[in-house]
Amino acid sequence: MEELYTGVILDMVSDAVDKSYQYAVPPHLQEKIQLGCRVLVPFRSRKVYAFVISLEREKKVLQPREILDVPDPTPILTPEFIELSAWLAVYFYNRRIETIRLCLPPAGERVRALTEEYVLPQLSTDMLLEQSTCLKKRALRQSLLLEHLARAGGEGLPWSELRRKSGATKKSLRALEERGLVRLGDIQRERIPRSVPPQDGGEELLFTPEQSAVWEEINRGLGVKSRPFLLHGITGSGKTEIYYRAAAAVLERGRTALILVPEIALTPQMIAGFRGRFAGRFALLHSSLSMGERYDQWWRVKRREARVVLGARSAVFAPLENIGLIVLDEEHEHTYRQDDGPRYHARDVARRRAAYHGALLLLGSATPSLESYRQVAEGQVRLLELKKRVGGRPLPSVQVVNMRHEFHRGNRGIFSRALLRAMDETLSRDEQLILFLNRRGYAGFLLCRNCGYVMQCPSCSVSLTYHAEPEHLQCHFCGYRTIPSGSCPRCRSIYLRNFGLGTQRLEQAVRRIFPETVILRMDSDATVRKDAHRKMWETFKKKEASILIGTQMIAKGLDFPNVTLVGVVAADITLNLPDFRAGERTFQLLTQVAGRAGRGDKKGNVIIQTYNPEHYSIRTAASHNYHNFVREELKRREPLLYPPFGQLLLFTCSAPCAEKAKKGAVELRSRLEKEITLTGPEELLGPAPAPLQKIRDLYRFQILFKGKHLETHNQIIREIVWELRGKLKDTRITVDFNPMMML
Ligand code: ADP
Ligand code: ZN
Ligand code: ZN
């Protein structure tokens, strides 16, 4: 037999082993081994699992060790995922094993069999037990196997589980199979996810002329290899209906569809729509399902039972084959970017998968990201527009209230007179209203009026957020909680005061003004319980509550025809984040929340309260003028080389003491300077303390690298960082390519 070698990635998360290792394939495993297989290999003095990323004829090391075992019957990684994980490792500075793990089935313990074989009973439970008794003396393991199988109640068990329970070998299983008692298959009972949202029958709507025009383009794009499309459609213009139709069309062509949304919990309507239309061919991949449910859903996709997959960010790795359509709804949302563990942006992954499969990538948004907008201008992405709301409904009228004037006229309250009046009128007409405030909790922070001390988190450099009911202070970064003592820890004065405003305090204030009205509050404190969000959504939909108060959670996706007023209580909160995207975030959020008003037959009104009415984000959002906003924003970013004009690499060095973190950053900077030849439009900034100087007891320093083609330095940067990480033991170094948050 000819000699065969494999390149494998070890299933160990460590910079030191982050490369392909060569092993020899012994003759008896040559039949079994395939690209993408999981294998067991000797590594140093241990045995570890690894993934086969290449098969080779040529020996690359002097004495390659031998593969020990190929445990699964089929490869777990497709060639696509081998390639995708390689790209993700390079492009976003990840370890290869971490990007491989993104493509694997969700499993708590990784050692568990990665492809599921099922043992299915071929006789009734009683007969199996009878056979089990007969075998007890002669073949204990076979007997035990039958017994466990019988107890499972007719539905079969995974082979891995049976083997563990009975100690039986494949040979005993074969013996039972030959006698017709059991069968080895890959059918698997599906746990029905408990939190299934209601279904929506899904009658085909007659498209508006605008929708029809867009649909024709998309339908044509589905048939051929096409550039990605950007569907820029204002809120309520009927984008979702187009997604439904496009998914149905690719299924008819025998292909599959992948639908991505920013957050599952916030899209109950769309889930219901897809489930209603695609029923048994639909799978929801979703992190709040139980591990077992997730596992089942994943395998349904892998086994090609489910052909339409809907999910949030990580669903971009759904094991679909022959993909014909990938939809990224609300493509501008920053939740598509994963910032922890392996970093990636689902939009980039989606683009890559679409290219691989020759699928149409459809990006949808009412406020497209500047990145996508720019790609339209450069011709890489094709623009489709929906400029009107369905049914000729007008966009809501927006009024901006200058809170500075209110203050000068003696109004120290939360609400301007205009918003109070509008709320009053809306309620008296029996219509509903939404109040948006992008900060949870009761108040921003607790301040001592005697000495100016602000209660801070002991581990993070942020002020603690004040919560009423039950009264406590909480850090929203690390979760630290404490109960305020009633006096200032620094000067002992008792003159502590809440400053700023959160949703809890807002709710209290509204209750005081409208004691008779039913009020709901939707934020991440009020929706901790699994179904809380959906229940609130249903209550509001049924008009059992008149006022909905919430954070950005309520900004998207909700379609309540009876909502005629949206009040933005403090637009300044997002505006003042220390991040170059603050203006864009503000524009997007305001447009999204405003889009919740006037979706029915009655006209909608929006009132935005702000201390910065002149700000371009607020002015352009108020006039629904996306293009003016973009022009203004691009003008600001271009000279600074911020995306979409340049790329960013953000290096963060963190350590338990500030001195160490800084030293690490200084060393990193000098290495980068020494080994990279900076070209004209490239700039290295820092080290500087991060905007959040300390998180979870780690001090943080940052270096920012800006440039047009940073990928050209990829290899060298990777080497420097991996090496420094090994050398500076207690300093953590992260590399973030085009981060969405600069904090
Ligand atoms: P978007 O996703 O652009 O915000 P949706 O797709 O949610 O908009 O559509 C807004 C509302 O209009 C929904 O209630 C939807 O059912 C309805 N709708 C969409 N298209 C049509 C149509 N062609 N005819 C009638 N109603 C429609
Ligand atoms: Zn903290
Ligand atoms: Zn004090």
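Readers should treat all values here as calculations from the given coordinates under stated rules, not as data from a laboratory. Note that the coordinates shown come from a computational prediction; the quantities given were computed from them, not determined experimentally. Using ideal geometry, Cβ is built from the backbone for each residue, glycine included, and neighbour counts are taken over all protein chains shown.
Quick notes
- Here the range 582-651 is assigned +1 on the Cβ of each Lys and Arg and -1 on the Cβ of each Asp and Glu. Its dipole about the Cα centre then comes out at about 220 debye.
- Working note: Karplus 6.51/-1.76/1.60 with θ = phi - 60° gives the range 281-294 the couplings 9, 10, 10, 10, 9, 6, 6, 8, 5, 5, 4, x, 5, 5 Hz, where Gly and Pro are set to x.
- Highest average packing first - 595-607, 172-184, 627-639, 282-294, Cβ atoms within 10 Å: 595-607, 282-294, 172-184, 627-639
- Relative contact order computed over the chain (Cα-Cα under 8 Å; 6+ residues apart), in percent: 10 percent
- Remark: spin-label model distance Ile483-Leu140 equals 5.8 nm, labels positioned 7 Å along the Cα→Cβ axis.
- Remark: the Leu35-Asp430 segment gains 135.8 nm on full extension, using 0.36 nm per residue and subtracting the alpha carbon distance.
- Residues Asn576 and Glu321, FRET efficiency given R0 of 45 Å [Cβ-Cβ distance, rounded to 0.05]: 0.45
- When Thr712, Thr78 are arranged by Cβ crowding within 10 Å, least crowded first, meaning fewest neighbours, the order is Thr712, Thr78.
- Amide H contacts for Asp531 (H built 1.01 Å from N in the peptide plane; partners 5 or more residues away or on another chain; cut-off under 5 Å): none found.
- Between amide H atoms placed 1.01 Å from N, distances below 5 Å from Leu743 occur with no residue 5 or more places distant or on a separate chain.
- Net dipole in debye of the chain [+1 Lys, Arg Cβ; -1 Asp, Glu Cβ; about Cα centre; nearest 20]: 1240 debye
- Cα-based shape type of the chain, given that a ≥ b ≥ c are square roots of the gyration tensor eigenvalues and the cut on a/c is 1.5: prolate
- Rounded to 10°, Cα long-axis angle of helix 125-135 versus longest principal axis of the chain: 40 degrees
- Between Ala545 and Ser287, the contour length at 0.36 nm per residue exceeds the alpha carbon distance by 89.9 nm.
- Cα gyration tensor shape of the range 226-294, rounded if a/c is under 1.5, else prolate or oblate by comparing a/b with b/c: oblate
- Cα gyration tensor, the range 1-88 - rounded (a/c under 1.5), prolate or oblate: rounded
- FRET E, pair Phe499, Asp697, Förster distance 25 Å, beta-carbon r, rounded to 0.05: 0.45
- DSSP-defined antiparallel bridges as percent of all bridges, the chain, nearest 5: 55 percent
- Across the range 32-37, rounded Karplus estimates of 3J(HN,Hα) from the backbone phi angles (6.51 cos²θ - 1.76 cosθ + 1.60, θ = phi - 60°) give 7, 6, 9, 4, x, 6 Hz, Gly and Pro being marked x.
- Restricting the calculation to alpha carbons of the range 115-188 gives Rg and Dmax of 10.6, 33 angstrom.
- Placed amide H near Gly502: partners under 5 Å, 5+ positions off or other chain: Ala443, Gly444
- Cysteines, the chain, no other Cys beta-carbon under 4.7 Å: Cys37, Cys103, Cys134, Cys478, Cys653, Cys657
- 3J(HN,Hα) along the range 233-239: x, 4, 4, x, 8, x, 5 Hz, from the Karplus curve 6.51 cos²θ - 1.76 cosθ + 1.60 with θ = phi - 60°, whole Hz, x for Gly and Pro.
- From least to most packed, judged by other beta carbons within 10 angstrom and beginning with the fewest, Ser416, Ser670 follow the order Ser670, Ser416.
- Extending 7 Å from Cα along the Cβ direction at Asn625 and again at Leu206 yields two label points whose distance is 3.7 nm.
- Exposure proxy ranking, count of Cβ atoms within 10 Å, fewest first, for Lys543, Lys165, Lys662: Lys543, Lys165, Lys662
- Per-peptide average of other Cβ atoms within 10 Å, ordering 473-486, 728-741, 138-151 highest first: 138-151, 728-741, 473-486
- Calculated FRET value between Asn402 and Lys603, using beta carbons and R₀ = 22 Å, to 0.05: 0.40
- Potential extension, Phe645-Thr335 segment - 0.36 nm per residue separation minus Cα distance: 109.4 nm
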